[in-house]
Each structure stands twice: as structure tokens, then as C-alpha cells.
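The values are calculated or read from the model by the stated rules, or taken from the named source; none is laboratory data. What you are looking at is a predicted structure, and each value in this text was computed from that prediction instead of being measured. A quick note on method: Cβ atoms are made from the backbone with ideal geometry, for glycine too, and the neighbour counts reach across all protein chains shown. All accessible areas refer to the heavy atoms of the entire protein, side chains included, with ligands and DNA or RNA removed. Shrake-Rupley method; radii C 1.70, N 1.55, O 1.52, S 1.80 Å.
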Amino acid sequence: MSNVSKLNWSGGFVIDFSLINGISKSAPSTKRRLSQMADMYADTGAAQKMIAGGDPLVYEFYELGVPEEAGEIAFGTSITYPGKVGNEYFMTKGHFHTVLDTAEVYYTLSGIGFMLTENPEGDVALHALEPGKAVYVPKRYAHRSINAGTTPLISFFAFRGDAGHNYGTIETKGYRKLVVEGSDGKPCMIDNPKWGK
Ligand code: MN
């Protein structure tokens, strides 16, 4: 199934990024269901009901197995599915890079939503993810994709190959802010009641 081992990282290659015939056939995806991140959502009761009702797939991403070496560029596709837990939009876990001084670029292919970023000092920013627009996530900022629409949010990402992922900090402390659907039906950012707990 996986053709990733055939990619010629030292000689170069071309890869089809169409999800139907391209990357999905070349690379295995990593899948995250709600049960794997239930505590990250503010409404624990709503999350548990959804898990009991079928445990929806929240997001998945395709990586190509780049050599984890300085000078390489890791790239792939991230898909965050539409949905909400209570009034909180489906989102990725979010992560810092193990090499904290590592930036990343996300280019939205389809769907709409946000990239929520925060650094260890607590500076928070919310960037729009829209087709045809690129987001630059600066070094030292954790980043999380949030689907605020009704179709899958699909983006292309690229960052240095030896940066690694640090999920633990977010899994332990959470994000300072959450993005929810407000009473007017529009997305809004609120304080995370679970932050630091
Ligand atoms: Mn990243």
C-alpha cells in the first residue's frame, strides 16, 4: 500500500498530491479520532456522547517519511473534518516542534477555518485558513488547525525535516484559547476553561 519508501529524497521526485489518486495511495495517513483527544474539548459530556455514538474521525494527515536531517523539508497534507463538540469546532491536537525554533508554512487547498497559534510566553494569534492563502507559522509557536466550515479543511504543509513534533506540552496544558461557534453563528475565540489544569 505504501510507496513512501520509494521516494528518492537524494535524487528528487514528483508526487501527485490529489487525495484520490495521489498522496493517499503513496503515503499512509495518521488518523485521530475524538477518543484520542477528548480532554482537549471544553464540553467533556458532549465529547463522551459522540465517542459512544461512533467516535468520529476528527482529522488525519499524510506524511512522506522525509529523512529527519537538517536541510531536508518535510511536507504533506492535513485534513481536518467538519464537526463540533458542543459549540467547539473540530480541530487538530496542535503541537510545538521539538526544535522549537522551527517555522512552518500551511497553504489551504479547500475548506475554511483557522490556524490558532501560541508561543510559550502566551502570545496568541488566530490566522484565517482559506483556499489560495498561505499562513506562515513563526518559529516558537504551537499551531492547531480548526475547521469552521462544513467541508473538509485540507492544507499543504512544509517545514524543516529534523524539527520533530512535541505534542506533550499541549496535551498536558492545553491551549490558552479555544475557538467556538458564538450565539450569532460566527466563530469566536474564548479563554480555555481547562487551560493549565
Ligand atoms: Mn508543525
Could you give the alpha-carbon Rg of segment 85-163 over 2.2 N^0.38 Å, rounded to two decimals? 1.07
Starting from the Cα-Cα distance between Thr150 and Asp123, subtract it from 0.36 nm times their residue separation and give me the gain in nm to one decimal. 6.8 nm
Run the quick spin-label model on Asp191 and Lys173: label points 7 Å from Cα toward the beta carbon, then report their separation in nm to one decimal. 1.7
Most mobile listed residue (Phe156, Phe75, Phe17) in the chain, GNM with C-alpha springs under 10 Å: Phe17
Distance between the C-alpha centers of segment 1-79 and segment 99-149? Whole Å please. 17
Using the Karplus curve 6.51 cos²θ - 1.76 cosθ + 1.60 with θ = phi - 60°, what ³J(HN,Hα) values do you get for each residue of segment 155-161, in whole Hz, with x for Gly and Pro? 9, 9, 10, 8, 7, 5, x
Over the chain, what is the relative contact order in percent, taking alpha-carbon pairs closer than 8 angstrom and at least six residues apart? 21
Using modelled amide H (1.01 Å from N, peptide plane; none on Pro or chain starts), what sits under 5 Å from the amide H of Ser110, excluding residues fewer than 5 places away? Ile154
In a Debye calculation with equal point scatterers on the alpha-carbon sites of segment 124-197 and no solvent, what is log10 I(q)/I(0) at q = 0.15, 0.22 Å⁻¹? -0.66, -1.29
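Quick check on packing: order 100-107, 142-149 by the mean number of other C-beta atoms within 10 Å, highest mean leading.
Numbers: 100-107: 16.6, 142-149: 23.5.
Taking the mean over residues of other Cβ atoms within 10 Å, the ranking is 142-149, 100-107.
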So how much accessible area does Ser18 have, in Å² to the nearest 10, using a 1.4 Å probe? 40
For His95, distant residues with modelled amide H under 5 Å away: His143
Under the Karplus relation 6.51 cos²θ - 1.76 cosθ + 1.60, θ = phi - 60°, what is the ordered set of whole-Hz ³J(HN,Hα) values for segment 101-110, x standing for Gly and Pro? 7, 10, 8, 8, 10, 10, 10, 7, 8, 7
Backbone HN-Hα couplings from phi across segment 167-184 [Karplus 6.51/-1.76/1.60, Hz, Gly and Pro as x]: 8, x, 4, 6, 4, 7, 9, x, 8, 5, 10, 10, 10, 10, 7, x, 5, 8
Of Lys84/Lys197; Lys49/Lys177; Lys139/Lys194; Lys6/Lys139; Lys93/Lys197, which pairs sit farther than 19 Å apart, going by alpha carbon to alpha carbon? Lys84/Lys197; Lys49/Lys177; Lys139/Lys194; Lys6/Lys139
Note the full-extension length gain between Asp39 and Ile51 as 0.36 nm times their separation in residues minus their Cα-Cα distance, in nm to one decimal. 3.1 nm
State, to one decimal in nm, how far the label point of Ile15 lies from the label point of Val105, with both points 7 Å from Cα in the Cβ direction. 1.6
Within the chain, what whole-number % of the accessible surface is contributed by carbon and sulfur, with the 1.4 Å probe and all protein chains included in the calculation? 54
Accessible solvent surface per residue of segment 81-197, calculated while the other protein chains remain in place, 1.4 angstrom probe, Å²: 45
Suppose we keep just the alpha-carbon trace of the chain; what are its Rg and Dmax in angstrom? 16.7, 54
What is the packing order of peptides 108-115, 85-92, 132-139, taking the mean over residues of other C-beta atoms within 10 Å and listing the highest first? 85-92, 108-115, 132-139
